[in-house]
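Read the structure below first, then the notes.
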Amino acid sequence: MANLHIKDIYKNFGKTEVLKGISFTLNEGEVVSIIGSSGSGKTTLLRCLNFLETPDRGVISIDDKVLFDGDANIKLDDDEIRENRLHFGLVFQSFNLFPQYSVLENVTLAPKLLKKGTNEDIEQKAKQLIEQVGLTEKADSYPCQLSGGQQQRVAIARALALNPDILCFDEPTSALDPELTGEVLRVIKELKIAGRTMIVVTHEMEFAKNVSDKIIFMADGIIEEIGTPQEIFENPKSEKTKHFLQNSLERI
Amino acid sequence: MTFLQVTLFLWEGFKLSLLIFAVTLLCGAPLGLPIAFCSMSKFKPLKYITKVFVWIVRGIPLMLQIFIFYYAPGLVLNIPISRNINLFFLKNFGIENMGMIVPVLVAFAINYACYFSEIYRGGIESISQGQYEAGYVLGLTKFQVFKNIVLKQVIKRIVPPMSNEIITLIKDTALANCIMLPEIIMKAGELASREMLVWPLFYTGVFYLVFVGLLTIILGRVEKKLDYFKA
Ligand SMILES: Nc1ncnc2c1ncn2[C@@H]1O[C@H](COP(=O)(O)OP(=O)(O)O)[C@@H](O)[C@H]1O
Ligand SMILES: [Mg+2]
């Protein structure tokens, strides 16, 4: 069971208000895509969920477990933060693989350091994940020997190794050459079929439409509109949403 | 004097050069690490004190620092400069009554620690934040991230500048002769004035060259070993 509840998340950087009250719910097995123009706070939201940033206000909970409560005035210590992070996985725009480790080692590093099982179990599971993302032949290669698309698939396997409740993607294909986006999107789609709960920030509208249960359109730090892909793409209510979608169509 | 005699005579001096080299490296390289961390500290006073310290040490000639450590104990603490401390291990270097090697070693170790600290700092700061964050979102501790993810990338990046410093160090050991410590060039000078032999002075260059050649090979191997990944 993993239902995510986010309530009234606020985040400022100095005087810049980046998130101004974000609330939504994500049920187990659902995929939500977040779209919106650059600077609207999408990355900051994912970083808050992964506790790379601390929200100024708001509540983050999974099922009945409150991970963060900005009003409770309790500062989380390092161990609690690390504990919380394990509920989430994050796939970065720029992959951030560990260059000195092979593909297999990238995937096994964290589970081994966190003693999540015997070394054999961890390695076996890692090999399964590497197979799942279609890189079995590359298991002993180093990141510098891989294409961007392959690196991003390793990053996905690495994030899955700790079996997070919710996997977040921050524009997973934005740093890729166009011909390589397909292989990454395909992996995410397969994860959806396998029942993963995911939050995907993306500019790939066609993909978002096909894979998501919900679409969130963010603008200026708030959720301007939330709905099913059909509602958002075919029948947007907000002027801002219409405008954004029009612009992203023009780009093509 | 025969060539062999001269060689052996100079070798006595070069052993001292090598001693200064080894002690400086063994003390200075580890000492550079806390200095680097202090200079990156979030606690501002510590950071700025460290930066001023590094600025001073790197900003004045090493020779002057040797003089400072040589004379300061006598001037400030009124401890007489002792030429008669018997440091047993120095017997092997033909300088058994040379307590004055201590100020040289201290000056060298501190001086090089400061240079090393700047190299470490540059290396650590050059690692992208994304590497740390990738580790943190996997639930790793700060220490685990530094030790298992960042460190090797830092090492790879600092090997070339460290090689430069290490090669400079062996040549810097000649500065020890400013307080009459009989390193190799001082020994050669002795031959020039006592035996009217000038060529050994130039011959000392061969000792340095051979040693630097060895260092170059060793450090090149280290660099090669880290070639398997790009960082
Ligand atoms: N660490 C930070 N310090 C200051 N401002 C930041 C920081 N991170 C993000 N911002 C600002 O927050 C706004 C939203 O950024 P971001 O969440 O990256 O948006 P998006 O991912 O939607 O493009 C931007 O205006 C950005 O400049
Ligand atoms: Mg972003």
Legend entry - Alpha-carbon Rg/Rh ratio, for the range A:108-243, with Rh computed the Kirkwood way: 1.04
Inset, instruction - With springs connecting C-alpha atoms under 10 Å apart, model chain B as a Gaussian network and identify which of B:Arg121, B:Arg157, B:Arg194 has the largest mean-square fluctuation. - result: B:Arg194
Inset, instruction - Take chain B, connect every pair of alpha-carbon atoms lying under 10 Å apart with a spring to form a Gaussian network, then pick out the residue of B:Gly130, B:Gly59, B:Gly122 with the largest mean-square fluctuation. - result: B:Gly130
Legend entry - Ordering of B:160-169, A:212-221, A:148-157, B:39-48 by burial proxy (mean other Cβ atoms within 10 Å per residue, highest first): A:148-157, A:212-221, B:160-169, B:39-48
Legend entry - Sum of side-chain charges, A:Pro229 neighbourhood, beta-carbon under 11 Å (Lys, Arg +1; Asp, Glu -1): -2
Inset, instruction - Return B:Tyr112, B:Tyr132, B:Tyr228 ranked ascending by Cβ neighbour count within 10 Å, so the fewest neighbours appear first. - result: B:Tyr228, B:Tyr132, B:Tyr112
Inset, instruction - Could you list B:Met1, B:Met196, B:Met186, A:Met198 in order of exposure, starting from the residue whose Cβ has the fewest other Cβ atoms within 10 Å? - result: B:Met196, B:Met1, B:Met186, A:Met198
Inset, instruction - Select from chain B the helices, each a whole stretch of DSSP H, whose alpha-carbon atoms run 30 Å or more along the helix axis and whose Kyte-Doolittle mean is at least 1.0; answer none if there are none. - result: B:3-39, B:101-125, B:199-225
Legend entry - Peptide A:96-103, shielding by other chains (average Cβ, 10 Å cutoff): 6
Inset, instruction - Give the long-range amide H neighbours of A:Phe68: residues separated by 5 or more places, or on another chain, with amide H under 5 Å away, using H modelled in the peptide plane at 1.01 Å from N. - result: A:Ile60
Inset, instruction - Give the long-range amide H neighbours of A:Phe169: residues separated by 5 or more places, or on another chain, with amide H under 5 Å away, using H modelled in the peptide plane at 1.01 Å from N. - result: A:Val91, A:Ile199, A:Val200, A:Val201
Legend entry - Over 31 Å (Cα to Cα) - which of B:Lys51/B:Lys152; A:Lys116/B:Lys230; A:Lys127/B:Lys147; A:Lys65/A:Lys240 fall in this group: A:Lys65/A:Lys240
Inset, instruction - Pull up all non-local amide H partners of A:Met218: gap of 5 or more, or a different chain, and H-to-H distance under 5 Å with H placed in the peptide plane. - result: A:Ile35, A:Gly36, A:Glu224
Legend entry - 10 Å Cβ neighbours from other chains, averaged over peptide A:42-54: 1
Inset, instruction - Quick one: order A:Glu239, A:Glu183 by neighbouring beta-carbon count within 10 Å, fewest to most. - result: A:Glu239, A:Glu183
Inset, instruction - Within 10 Å of each Cβ in peptide A:149-159, how many partner chain Cβ atoms are there on average? Round it to a whole number, please. - result: 1
Inset, instruction - For n ≥ 4 DSSP H runs only, could you compute -39500 (n - 2.57) per run for chain A, divide by its residues and tell me the 222 nm figure to the nearest 500? - result: -11000 deg cm²/dmol
Inset, instruction - Report the residue, chosen from B:Ile49, B:Ile20, B:Ile170, that carries the largest GNM mean-square fluctuation when chain B is represented by alpha-carbon nodes joined by springs under 10 Å. - result: B:Ile49
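Since every read-out is calculated from the coordinates, none of them should be taken as a lab result. It should be emphasised that the depicted structure is a prediction, and the values quoted were computed from it without experimental measurement. FYI the Cβ positions are ideal-geometry reconstructions off the backbone, even for glycines, and counts take in every protein chain you see.
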